[in-house]
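Working notes for the structure below.
The values are calculated or read from the model by the stated rules, or taken from the named source; none is laboratory data. Because the structure is predicted, anything quoted here is derived from the model rather than measured. Here the Cβ positions follow ideal geometry from the backbone for every residue, glycine too, while neighbour counts run over all protein chains shown. When the accessible area is computed, the model is the full protein with side chains, heavy atoms only, and any ligands, DNA or RNA have been set aside. Shrake-Rupley method; radii C 1.70, N 1.55, O 1.52, S 1.80 Å.
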Amino acid sequence: MTALEVRDLNKSFGGLRVTRTVNLSVAPGERRLIIGPNGAGKTTLFNLITGELRADSGSMMLFGQDLTREPARRRAHLGLARTYQIITLFPGETLLRNVTLSLLGLSRLRWNPIVRIDRQSELLTKAHAALARVGLGHLAERPVGQTSYGERRRVEIAMALAQSPRVLLLDEPFAGLSIDERRDVLTVINDIPRDVTIVMIEHDMDVALEFAERITVLHFGEVIVEGTRAEVVEHPRTKEIYLGE
Amino acid sequence: MNLWLILSINSVTLGGLLFLLSAGFSLIFGLMRIPNLTHGSMFMLGAYFGVTLIGWGFGFWLAALMAGLGVALFGGIVERFVLRRLVGNELAQVLVTLGLSFMVADVCLMQWGGDPISVDTPAGLVGSSKVFGMAFPTYRLAIIFIAVAIAAALWGMLDRTRLGAMIRAAVDDPAMARVVGIRVSHLFTFVFCLGAGLAGFAGVIGGPILSVYPGLDQDMLPLALVVVILGGSGSLLGSLVGSFVVGLLYNFGQAMFPELAYVVLFLPMLIVLVLRPRGLFGRAAP
Amino acid sequence: MNRAALAIALLLLATLPFWIGNSFYVNVATQMLIYAIFALGLNVLVGYAGLVTLGHAALFGVAAYAGATLINSGHGHIIVAIGACLATLAVAAIFAVLALRGTGLGFVMITVALGQIAWGIAYRWISLTNGDNGVSINARPAPFGLSLESAPALYWATLVVFLVAVVAMAIFVASPFGASLRGARDQPRRMTALGYNVWLIRFLAFLFSGFWSGVAGLLYLYYNQFVSPQTVALSASAEALLMVIAGGTGTLLGPIAGAILVIVMKDIASAYIERWNFVLGAIFVLIVVFMPEGLVPGVVRLCRRVIAARRPRAPMPVLGEESGE
């Protein structure tokens, strides 16, 4: 059984086809990298997988379960989590509250209008643990607005991991980070256990290649090449797109 | 003349007036993304201006034109000196238009008193004319004719002129319009004045039918709202169709279910909202 | 310190009829409490859900009309209270389903239209609502045998409901659901991706908000013993919205302060001029243009600016603090 299976996915915005019959098959525990030039439709693909956008046609399966007709919020409950390229945290709230909101999203407690959220010890313990996992335990009470870009990236990952996803989608987790920050984020990602399948979009080939087991190259919304690291790097089409040869 | 015919002609007449009111409302909503809650006030203000001008001895049509211009000027002042300060904060803009509508209503009450004022039908259009062997009230035919003429002129302006092309571009994608060098802020002022002026003009020519009274603004604003929700914002065709639908519903609703006329009026709007939230002719949100 | 302030405030509120004496002023205080409850309810939508509505007077009015109809058909206070609340919730549910089809300004527009329908029904459906003449009740009901006929008695009953409302709001705001609601306000898309049903969260918030508006509407009926289409007019919705905005949205005390402020202004304004609507409109415009963050914080900021302007050599930190706001 595959962890994530995408079949014949199509999406157009007006006359512009941003996703053309994309097929993707990710094995459980796999580390998959999706690369491609700007405008290749990588983020759109993520939005289609999470259900934030509706596909025009095609289907998606998560561990054999059909996602195609599930609304976005249900997909989170089925074990799909993602981070965002442009960080969309709740800037006025503390890191702890951000992660708590993420945990609450999958808990029945989110409908409770009576208890105090800051008295839910189990919830708070889990949130602290998720922050500690990305090395931010000491900043739990700091508002997001007062943290660095690299720290926010790690909060993004903590929010996704807090949901104990089966498949994790990382949208350019290294973009815009300094070398030190990249190293921190890479450590966090490398520490994610194998029971979480990871699909990552990344521009930075150096860091990304180190991480990936299989690579999918997307170009103008189409899968051009797919294979192991070596296969993709050697493939003439990859060179054509990336090196302009 | 039988009842149905009277109702039909009344419906079409009201539809014409509503088109003059709602075309501007719709364009303002499409372009500036705000429901201009002073729009009913513009209609009423125009009507009162018209009453005063006629009282000073101006002819009906001249008074209607002058009142329209006066209201357009007022609209321009509102846009330039109030709304302009709040660009980017649409909610604040809506609240300001709401506050202004209360102020206008009270000023009108102070200036023109609380009693309804009737407006005489312009001489020469009193009585009825025969069309296809049937007698129609001449003034109502004139209103329909004017509404159709203005609709055609607006359509020509939007579809055939450079200015119209800029407005359409800005309705579709304001950010892109700015990028290609369109002075969107000038368009805002122009469209706001145009919408206000049309509403004011409609207020005067509607006078002989509706008369002028405090609360006219609150009666007209919801009608404009319904037209735009029905027809979709920023769409001239939507305003036109929506206006006539509302005109029909209003007159037939009042005749058949006098107590529930309001419900009959709003029911189609609710159905459209549930089935097609962007309105019958509205464009899909990007 | 905080507890002491709270205790003093409670004591003052509870003993108000004794030290204020005159029943006219006791009635004004009752009115403030009623509108404070209304504003608290409205603030759930405007402040915490970020959904600005201009049709909430309809919900307030539905409760009042339903209550009046039930009282006049001879029902007891429990049936009246339950019936009025259920009627409000039913109408709130319809409003919510329709208004939540739109977002942002679409939502505002739909609530205006819905409010106008309610007004149209109150004004025109004469067999149901007695039209322009309104509906009056002969006597206030006596819940559990306690007469509400005297001004202090009604004040105390309203105070109890008001305190319950404040406590309910405080609990609600600090709850997981309150946090979900604020999340849905700030980043609906993100909340959806996290597994939240944003629509349902907003719908429930609408009901909660409508419920308290209805409670306020019923108290208003008891207080006024009369309800007319004016109660559900657009200007009534605008007035309530002004209370919330004037006090500062999304805070617990803001709507209460706003309600007191608007009632005081209304009473003062109507003592000198007949034109309350003009004043209401003008305040709206002034607040929105000059102090969008609310009257209370806005006045503080303006005062500070005036003080800073008078002392040209004001130390830098003051300016820094100001720009940091």
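Restricting the range C:240-250 to residues that are touching a residue at least 60 places away in the same chain (Cβ under 8 Å) and part of a helix (DSSP H, G or I) leaves a set whose member that is nearest to the chain's Cα centre (by Cα) is C:Ala240.
Identification of helices (runs of 4 or more DSSP H) wholly contained in the range B:158-246 with 3 or more residues that are small (Gly, Ala, Ser), within 19 Å of B:Ser22 (Cβ to Cβ) and within 16 Å of the chain's Cα centre (by Cα) yields B:184-210. Exactly one residue out of B:Ala67, B:Ala153 is under 21 Å from B:Leu14 (Cβ atoms), surrounded by fewer than 22 Cβ atoms within 10 Å (Cβ to Cβ), out of contact with any Asp or Glu (no Cβ under 7 Å at 6 or more places or on another chain) and of a type in the set (A, V, I, L, M): that is B:Ala153. Among the residues of the range B:190-200, not a single one is loosely packed, with under 15 Cβ neighbours inside 10 Å and either farther than 25 Å from C:Gln116 by Cβ or free of Cβ contacts under 8 Å to residues at least 12 places away in the same chain (or both).
Residues in the range C:63-102 that are closer than 24 Å to B:Leu267 by Cβ, among the polar types (S, T, N, Q) and open to solvent by 20 Å² or more (accessible area, probe 1.4 Å): C:Thr69 only.
Would the range C:182-190 turn up any residue that is surrounded by fewer than 23 Cβ atoms within 10 Å (Cβ to Cβ), more than 10 Å from chain A (Cβ to nearest Cβ) and acidic (Asp, Glu)? No: zero hits.
Screening C:Phe18 on (1) part of a helix (DSSP H, G or I); (2) open to solvent by 40 Å² or more (accessible area, probe 1.4 Å); (3) within 14 Å of another protein chain (Cβ to nearest Cβ) shows it passes everything except condition (3). Hey, could you check the range C:157-171 for residues that are crowded, with 20+ Cβ neighbours inside 10 Å and farther than 14 Å from C:Ala81 by Cβ and say which is farthest from the other protein chains (Cβ to nearest Cβ)? Ranking the qualifying residues of the range C:157-171, first place goes to C:Phe162.
Name every residue in the range C:251-283 that is within 11 Å of chain B (Cβ to nearest Cβ) and in a loop (DSSP other than H, G, I, E, B), in order of residue number. Give the steps one after another, and end with the answer.
Within the range C:251-283, the subset within 11 Å of chain B (Cβ to nearest Cβ) is C:273-283.
Passing the criteria: C:Ile273, C:Glu274, C:Arg275.
If you check C:Ala118, C:Ala96, C:Ala87 for being aliphatic (A, V, I, L, M), away from chain B (no Cβ under 14 Å) and under 19 Å from the mean Cα position of the chain (by Cα), only one passes: C:Ala87. Against the test of being more than 8 Å from chain C (Cβ to nearest Cβ) and either open to solvent by 50 Å² or more (accessible area, probe 1.4 Å) or not basic (Lys, Arg) (or both), the options A:Leu101, A:Leu96 yield a single qualifying residue, A:Leu96. Restrict the check to the range B:76-87 and report whether at least one residue is farther than 22 Å from C:Leu242 by Cα and among the aliphatic types (A, V, I, L, M). Scanning the range B:76-87, I find at least one residue that is farther than 22 Å from C:Leu242 by Cα and among the aliphatic types (A, V, I, L, M), so the answer is yes. A:Lys126 falls short on exactly one of the conditions (1) under 18 Å from the mean Cα position of the chain (by Cα); (2) farther than 30 Å from C:Val164 by Cα, and that condition is (1). Which of the residues belonging to the range C:193-218 are facing chain A (nearest Cβ under 8 Å), assigned to a helix (DSSP H, G or I) and open to solvent by less than 40 Å² (accessible area, probe 1.4 Å)? C:Ala193, C:Val198, listed by residue number.
Quick check: anything in the range C:50-73 assigned to a helix (DSSP H, G or I), over 17 Å from C:Ala87 (Cα atoms) and in contact with a Pro (Cβ under 8 Å, 6 or more places away or on another chain)? So that I can check it myself, show each step before the final result.
First, pick out the residues of the range C:50-73 that are assigned to a helix (DSSP H, G or I): C:56-72.
Keeping just the survivors that are over 17 Å from C:Ala87 (Cα atoms) gives none.
No, because not a single residue in the range C:50-73 is assigned to a helix (DSSP H, G or I), over 17 Å from C:Ala87 (Cα atoms) and in contact with a Pro (Cβ under 8 Å, 6 or more places away or on another chain).
Residues in the range A:188-226 that are at positive phi and open to solvent by less than 90 Å² (accessible area, probe 1.4 Å): A:Gly221 only. Scanning the range A:124-140 for residues that are open to solvent by 20 Å² or more (accessible area, probe 1.4 Å), in contact with a Ser or Thr (Cβ under 8 Å, 6 or more places away or on another chain) and on the phi < 0 side of the Ramachandran plot yields a count of 1. Is it the case that the range A:101-110 has a residue that's among the basic types (Lys, Arg) and not assigned by TED's automatic domain parsing to the domain that holds A:Leu186? Yes; the residues of the range A:101-110 include at least one that is among the basic types (Lys, Arg) and not assigned by TED's automatic domain parsing to the domain that holds A:Leu186. Considering every residue within the range A:85-93, establish whether at least one is within 7 Å of chain C (Cβ to nearest Cβ) and in a helix (DSSP H, G or I). No: the range A:85-93 contains no residue that is within 7 Å of chain C (Cβ to nearest Cβ) and in a helix (DSSP H, G or I). For the range C:122-134, the criterion of being away from chain B (no Cβ under 14 Å) and either touching a residue at least 12 places away in the same chain (Cβ under 8 Å) or touching a Leu at 6+ places or on another chain (Cβ under 7 Å) (or both) is satisfied by at least one residue. Is the range A:155-167 home to any residue that is within 26 Å of A:His77 (Cα to Cα), among the small types (Gly, Ala, Ser), open to solvent by 30 Å² or more (accessible area, probe 1.4 Å) and under 19 Å from the mean Cα position of the chain (by Cα)? Yes, the range A:155-167 contains a residue that is within 26 Å of A:His77 (Cα to Cα), among the small types (Gly, Ala, Ser), open to solvent by 30 Å² or more (accessible area, probe 1.4 Å) and under 19 Å from the mean Cα position of the chain (by Cα). Against the conditions (1) at the interface with another protein chain (Cβ under 10 Å from one of its Cβ atoms); (2) of a type in the set (Val, Ile, Thr); (3) within 23 Å of B:Arg140 (Cβ to Cβ), B:Ile229 satisfies every one except (3).
Collect the residues in the range C:28-62 that are closer than 19 Å to C:Gln225 by Cβ, among the hydroxyl-bearing types (Ser, Thr, Tyr) and open to solvent by 10 Å² or more (accessible area, probe 1.4 Å), keeping them in residue-number order. Working first, answer last.
Step one: of the range C:28-62, the residues closer than 19 Å to C:Gln225 by Cβ are C:28-35, C:37-38, C:57, C:60-62.
Within this subset, residues satisfying the condition of being among the hydroxyl-bearing types (Ser, Thr, Tyr) are C:30, C:35.
Of everything in the range C:28-62, just one residue is closer than 19 Å to C:Gln225 by Cβ, among the hydroxyl-bearing types (Ser, Thr, Tyr) and open to solvent by 10 Å² or more (accessible area, probe 1.4 Å), namely C:Tyr35.
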